[in-house]
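Questions regarding the structure given below will be posed in turn.
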Amino acid sequence: MLRALKHWLPVILWMGLIFFVSTDFGSSTHTSQIIEPILKWLNPDISSTAIDLVQTIIRKGGHFTEYAILALLALRSVNLSRPNGSHFQAIAIALLIAATYAATDEFHQSFIPSRTASIYDVMIDTSGAFAALTVASLWRKFRTSRAP
């Protein structure tokens, strides 16, 4: 039991961080208080439209990245929990974990007044997970093909 917890603790902690950022703390109102001053410092003449665009790119990039990391952590945990399991199955399980958590996270956001739930965010999250798992799979294939 402790061994399984040790394998899955990074996944659980990362999910906790995602959950925390999905509260009012991670709302666009709060993130704009950080992003906007930086952008205005870099370019005092920046338009509000440009600020909104950059903020959207950063926020959606955050979705993509946090779920890419979640998928990689889940893949690691699946592989550690099932050392003789199929690589394809491990990828599928990791993707399922990330996609399911993305959907439940958006559902959670629907209860936060300063947040909105969006199927598009679930798709961005799942795309981040898929991209990371694809890169991990290609890296594994590259590494094993070069092994003596």
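The values are calculated or read from the model by the stated rules, or taken from the named source; none is laboratory data. Computed from a prediction, not measured in an experiment: that's the story for all the values here. Don't worry about glycine lacking a Cβ; one is built from the backbone with ideal geometry, like all the others, and counts go over all protein chains shown.
If only one of Thr100, Thr144, Thr134 is surrounded by 13 or more Cβ atoms within 10 Å (Cβ to Cβ) and assigned to a helix (DSSP H, G or I), which one is it?
Values: Thr100 fails: surrounded by 13 or more Cβ atoms within 10 Å (Cβ to Cβ); Thr144 fails: surrounded by 13 or more Cβ atoms within 10 Å (Cβ to Cβ).
Every option except Thr134 fails the conditions.
Consider segment 78-102. How many of its residues are in contact (Cβ under 8 Å) with a residue 24 or more places away in the chain and either over 18 Å from Gly128 (Cα atoms) or touching a strand residue (DSSP E or B) at 6+ places or on another chain (Cβ under 9 Å) (or both)?
The initial filter retains those residues of segment 78-102 that are in contact (Cβ under 8 Å) with a residue 24 or more places away in the chain, namely 80-81, 87, 91, 94-95, 97-99, 101-102.
Filter again for either over 18 Å from Gly128 (Cα atoms) or touching a strand residue (DSSP E or B) at 6+ places or on another chain (Cβ under 9 Å) (or both), leaving 80-81, 87.
Going through segment 78-102 one residue at a time, the tally reaches 3.
With Phe64, Phe111 as the choices, which residue is within 23 Å of Met15 (Cα to Cα) and assigned to a loop (DSSP other than H, G, I, E, B)? Walk me through it before giving the result.
Numbers: Phe64 fails: assigned to a loop (DSSP other than H, G, I, E, B).
Exactly one residue qualifies, and that residue is Phe111.
Sort through Gln55, Gln33 and tell me the only one that's exposed (fewer than 15 other Cβ atoms within 10 Å of the Cβ) and either among the hydroxyl-bearing types (Ser, Thr, Tyr) or without any contact (Cβ under 8 Å) to a residue 40 or more places away in the chain (or both). Break it down stepwise before answering.
Numbers: Gln55 fails: exposed (fewer than 15 other Cβ atoms within 10 Å of the Cβ).
The conditions single out Gln33.
Can you give me the number of residues within segment 1-28 that are assigned to a helix (DSSP H, G or I), exposed (fewer than 10 other Cβ atoms within 10 Å of the Cβ) and not charged (D, E, K, R)? Talk me through it step by step, then tell me what you get.
Step one: filter segment 1-28 for residues assigned to a helix (DSSP H, G or I), giving 2-21, 24-26, 28.
Applying the additional criterion that residues be exposed (fewer than 10 other Cβ atoms within 10 Å of the Cβ) yields 2-3, 5.
Then keep just the ones that are not charged (D, E, K, R); that gives 2, 5.
Looking only at that region, the number is 2.
If you take the residues in segment 114-131 that are outside any helix (DSSP H, G or I) and of a type in the set (S, T, N, Q), which one is farthest from the chain's Cα centre (by Cα)?
Initial filter on segment 114-131 (outside any helix (DSSP H, G or I)): 114-118.
After this cut, where a residue has to be of a type in the set (S, T, N, Q) as well, the list is 114, 116, 118.
Working: Ser114: 20, Thr116: 17, Ser118: 15 Å.
Step by step, filter segment 114-131, then rank; the result is Ser114.
Can you pull out every residue in segment 56-80 that is of a type in the set (S, T, N, Q) and modelled with pLDDT under 90? Explain how you work it out, then say what you get.
First pass over segment 56-80, keeping only residues of a type in the set (S, T, N, Q): 56, 65, 77, 79.
Within segment 56-80, just Thr56 meets the criteria.
Answer with yes or no whether Trp41 is more than 20 Å from Asp121 (Cβ to Cβ), surrounded by 16 or more Cβ atoms within 10 Å (Cβ to Cβ), modelled with pLDDT of 90 or more and among the hydrophobic types (A, V, I, L, M, F, W, C). First the steps, then the outcome.
Working: more than 20 Å from Asp121 (Cβ to Cβ): yes; surrounded by 16 or more Cβ atoms within 10 Å (Cβ to Cβ): no; modelled with pLDDT of 90 or more: yes; among the hydrophobic types (A, V, I, L, M, F, W, C): yes.
The answer is no for Trp41.
For Ile124, work out the one condition from (1) at pLDDT below 90; (2) in contact with a Lys or Arg (Cβ under 8 Å, 6 or more places away or on another chain) it doesn't fulfil.
All conditions pass for Ile124, except number (1).
Another question, then. When you look at Ser81, is it buried (at least 21 other Cβ atoms within 10 Å of the Cβ) and hydroxyl-bearing (Ser, Thr, Tyr), yes or no? Talk me through it step by step, then tell me what you get.
Working: buried (at least 21 other Cβ atoms within 10 Å of the Cβ): no; hydroxyl-bearing (Ser, Thr, Tyr): yes.
Answer is no for this residue.
Among the residues in segment 4-27, are any β-branched (Val, Ile, Thr), over 24 Å from Thr134 (Cβ atoms) and in contact (Cβ under 8 Å) with a residue 40 or more places away in the chain?
yes
Count, please, the residues in segment 40-52 that happen to be under 15 Å from Thr29 (Cα atoms) and free of Cβ contacts under 8 Å to residues at least 12 places away in the same chain. It would help to see each step written out before you state the result.
Filtering segment 40-52 down to residues under 15 Å from Thr29 (Cα atoms) leaves 48, 51-52.
Filter once more, keeping what is free of Cβ contacts under 8 Å to residues at least 12 places away in the same chain: 48, 52.
Here the count works out to 2.
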